[in-house]
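A.B. asks: Before I ask anything, here is the structure I am working with.
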Amino acid sequence: MGKSALDLQFDYGKLAAYGLNVKQVSDAIKVAMDGLIIGEQQTAVERMYYRLNMQHEDEPSMSELMDLFIINQRGEPVALRSVAEFVMRPGDADIKHYAGRRTVTVYAEIDRQLTDVSTINNRLSEYVRDYQRTHTIPSVSFFQGGEIEQQQQSMGDITIAFVTCLLLSFMVLVALFNSYSQPLIVLAVLPFGMVGVFMAFAIQGLPLSFLAIVGVLGLVGVLLNNSVVMVHTLNTGKRKIDDEAIVRRAVTRFRPIVITSLTTLVGLVPAAYGLGGEDPLVTPMVMAMVWGVMFGTVVSLLMLPCIFAINQDIRAKLFNTVDDNTTQLPQENS
């Protein structure tokens, strides 16, 4: 705890009646207590400043401050004690600065059962922005830090990680299928899975937090597994692939993909909905994976064969040929 501090509690009604405002009073107190630099002179060795100061017999005292008179807009002297009350309080142990300016830091604990960091900071930013439209305070700036600052930095990092993940996955799929179009078919399941995550969070009224985004990133590998299996199966068989062959081959992968997805969901759903215990840090991440797997499975089974058929039709019209990267492999029984 630092030295005692003196707070002035203004009576704004009296300020208006005497023709004063807070800035006039603050400037007068600053001149009385600390002085005001009114000029300077540069010598050969140093720069000298001229300070206008109130004459004190000793150090400035409380009685001198209480007896201070301020000249209002009408040229009338007004006693400071007439428009403000003096309250002593324990001072701060130290003075904090940010970018060279004195700051006041406000801390708060968040009830994560009711809201999240992003929602609070967004509403606070809107409030400050609306307030600044009608109130001009040039000497005061507003900065949001703490967890929101760390999240913004982490979001930049996770964006780089996500793009890197997509590029590496695309390169591996190009080498696997010996094609540039079919890897895009496999990756097409990702946006649909993410839309499913966003819809599920919106319907349940859950905030899409940073940890949920991390869960979406982890979802990429899970979604690509089923898609790779489906596209590989559609490529397997005779060289000519018609719509009937696509349907027949897609049906053979129905049971393996559904069973794989169900076993994944059985392990994730209890953690997502807190069956047996809940962890607010893990829940959003697992929740994103649960709904992403559900929507991704539907897309892999129903939409992926359709996209594959469209791709075959486009290739046939553009190149007057069928996909040449299919191979003759034994049929699998599933």
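A.B. asks: Could you say which residue among LEU217, LEU166, LEU176, LEU211 is assigned to a helix (DSSP H, G or I) and touching a Cys at 6+ places or on another chain (Cβ under 8 Å)?
C.D. replies: Values: LEU166 fails: touching a Cys at 6+ places or on another chain (Cβ under 8 Å); LEU176 fails: touching a Cys at 6+ places or on another chain (Cβ under 8 Å); LEU211 fails: touching a Cys at 6+ places or on another chain (Cβ under 8 Å).
Exactly one residue qualifies, and that residue is LEU217.
A.B. asks: Counting only residues that are under 42 Å from the mean Cα position of the chain (by Cα) and of a type in the set (A, V, I, L, M), which one in the range 17-49 is most open to solvent (accessible area, probe 1.4 Å)?
C.D. replies: Of the range 17-49, the ones under 42 Å from the mean Cα position of the chain (by Cα) are 21-27, 30.
Subset that is of a type in the set (A, V, I, L, M): 22, 25.
Numbers: VAL22: 53, VAL25: 0 Å².
Applying the filter and picking the extreme gives VAL22.
A.B. asks: Looking only at residues in the range 66-105 that are aliphatic (A, V, I, L, M) and assigned to a loop (DSSP other than H, G, I, E, B), which one is farthest from the chain's Cα centre (by Cα)?
C.D. replies: Initially, the range 66-105 is screened for residues aliphatic (A, V, I, L, M), giving 66, 68, 70-71, 78-80, 83-84, 87-88, 93, 95, 99, 104.
With assigned to a loop (DSSP other than H, G, I, E, B) added as a condition, the list becomes 68, 83, 93, 95, 99, 104.
Working: LEU68: 50, VAL83: 45, ALA93: 33, ILE95: 30, ALA99: 23, VAL104: 23 Å.
So the residue we want is LEU68.
A.B. asks: Considering each of VAL128, VAL83, VAL117 in turn, give the residue that is surrounded by 10 or more Cβ atoms within 10 Å (Cβ to Cβ), more than 30 Å from ASP67 (Cβ to Cβ), of a type outside the set (Asp, Glu) and at pLDDT 75 or above. Walk me through how you get there before you give the answer.
C.D. replies: Working: VAL83 fails: more than 30 Å from ASP67 (Cβ to Cβ); VAL117 fails: at pLDDT 75 or above.
Of the residues listed, the single one that is surrounded by 10 or more Cβ atoms within 10 Å (Cβ to Cβ), more than 30 Å from ASP67 (Cβ to Cβ), of a type outside the set (Asp, Glu) and at pLDDT 75 or above is VAL128.
A.B. asks: While we're looking at this one, here's another question. Can you confirm whether VAL78 is among the β-branched types (Val, Ile, Thr), surrounded by fewer than 14 Cβ atoms within 10 Å (Cβ to Cβ) and either within 27 Å of HIS135 (Cα to Cα) or modelled with pLDDT under 80 (or both)? Spell out the reasoning first.
C.D. replies: Details: among the β-branched types (Val, Ile, Thr): yes; surrounded by fewer than 14 Cβ atoms within 10 Å (Cβ to Cβ): no; either within 27 Å of HIS135 (Cα to Cα) or modelled with pLDDT under 80 (or both): yes.
Answer is no for this residue.
A.B. asks: Among the strands (runs of 3 or more DSSP E) contained in the range 1-56, which hold 2 or more residues that are over 13 Å from LEU80 (Cβ atoms), out of contact with any Phe, Trp or Tyr (no Cβ under 9 Å at 6 or more places or on another chain) and among the hydrophobic types (A, V, I, L, M, F, W, C)?
C.D. replies: Numbers: elements: 4-10, 36-42, 47-52.
Correct list: 47-52.
A.B. asks: Now for a different question. When you scan the range 246-254, do you find a residue that is surrounded by 21 or more Cβ atoms within 10 Å (Cβ to Cβ), without any contact (Cβ under 8 Å) to a residue 60 or more places away in the chain, in a helix (DSSP H, G or I) and of a type outside the set (S, T, N, Q), even just one?
C.D. replies: yes
The values are calculated or read from the model by the stated rules, or taken from the named source; none is laboratory data. As the structure is a prediction and not an experimental result, all values here were calculated from the model. All Cβ positions, even for glycine, are placed from backbone atoms using ideal geometry, and neighbour counts span all protein chains on display. Heads up: the accessible areas ignore ligands, DNA and RNA and are worked out on the full protein's heavy atoms, side chains in. Shrake-Rupley method; radii C 1.70, N 1.55, O 1.52, S 1.80 Å.
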